[in-house]
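The values are calculated or read from the model by the stated rules, or taken from the named source; none is laboratory data. Remember, it's a predicted structure, so these values are computed and weren't measured experimentally. Neighbour counts run over all protein chains shown; Cβ positions are idealised from the backbone, glycine included.
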Ligand SMILES: [Mg+2]
Ligand SMILES: [Zn+2]
C-alpha cells in the first residue's frame, strides 16, 4: 500500500476519497458574524449577531461545508476581557447556531497584541496554518470571508479564495487591486451565492 495513503482515505467501497475537495469556509468573526465595535466586543451581551449570519452558517452546513473561525482578539492581551469571557461569547454563538441547525467546527483566535509580534495575528497566516493542519490538506479550495484587508491578505498568502463582506470595517467595494476578490453585501448573500452554484 502506498504509505502516503492513510486508512481513512478509503471509503467503504475501497475507492480513494480525495480530501482536497473538502468544502471549507473560514470566517472572520467581528464584522462578519457579529456586529463589530471600535471599543471591542467584551462580553456576551455585546456579542450581537448580524442579520442573517446565523442562518447563513446553518445554510453552509446544510450544503456540506465545514465552517471555521479565525479571529484576532487582541482585547485579551489588552486586558479588556478574559479567555473565560471569550468562551462565554462563543457559547452564546453556539447556542444560537444550534437552534438554527448550524455549527462552527472550531474557533482559532489570536490572543496577542500587535507588539507581541506573534505568528498568528492577521494578516499573518498562523491561524490558517493551524486550520490546514486540522483538516489535513492545503486550503487552496477553501473560501475565506472577512470584513477587513487583514483577513483578505491572509487568505491570499495561504492561497485560499478571498471574499469580502461589507458589514464591518469595510462598507463599500474597495480598490485594493486584488483581482480575484469577491465582494458581498453580507454573510447571507455570500452563503446564498456559494450554495446556489
Ligand atoms: Mg473583522
Ligand atoms: Zn497571535
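Restricting attention to region 54-74 and to residues that are in contact (Cβ under 8 Å) with a residue 60 or more places away in the chain and in a loop (DSSP other than H, G, I, E, B), the residue that is surrounded by the most Cβ atoms within 10 Å (Cβ to Cβ) turns out to be 65.
The number of residues in region 19-39 that are in a loop (DSSP other than H, G, I, E, B) and within 16 Å of ligand 2 (Cβ to nearest atom) comes to 2. Within region 43-81, being touching a strand residue (DSSP E or B) at 6+ places or on another chain (Cβ under 8 Å) and more than 16 Å from ligand 2 (Cβ to nearest atom) holds for 47, 48, 49, 50, 53, 57, 60, 61, 65, 66, 67, 68.
Among the residues of region 36-91, those that are out of contact with any helix residue (DSSP H, G or I) (no Cβ under 9 Å at 6 or more places or on another chain) and closer than 18 Å to residue 168 by Cα comprise 36, 37, 38, 39, 40, 48.
Of all the listed residues (87, 63), the sole one being within 17 Å of the chain's Cα centre (by Cα) and within 20 Å of residue 195 (Cβ to Cβ) is 63.
Checking 22, 30 one by one, the residue that is within 19 Å of residue 162 (Cα to Cα), modelled with pLDDT of 95 or more and touching a strand residue (DSSP E or B) at 6+ places or on another chain (Cβ under 9 Å) is 30 and no other. Against the test of being within 16 Å of ligand 1 (Cβ to nearest atom) and touching a residue at least 40 places away in the same chain (Cβ under 8 Å), the options 146, 136 yield a single qualifying residue, 146.
Residues in region 83-116 that are within 9 Å of ligand 2 (Cβ to nearest atom) and not in a helix (DSSP H, G or I): 109, 110, 111, 112, 113.
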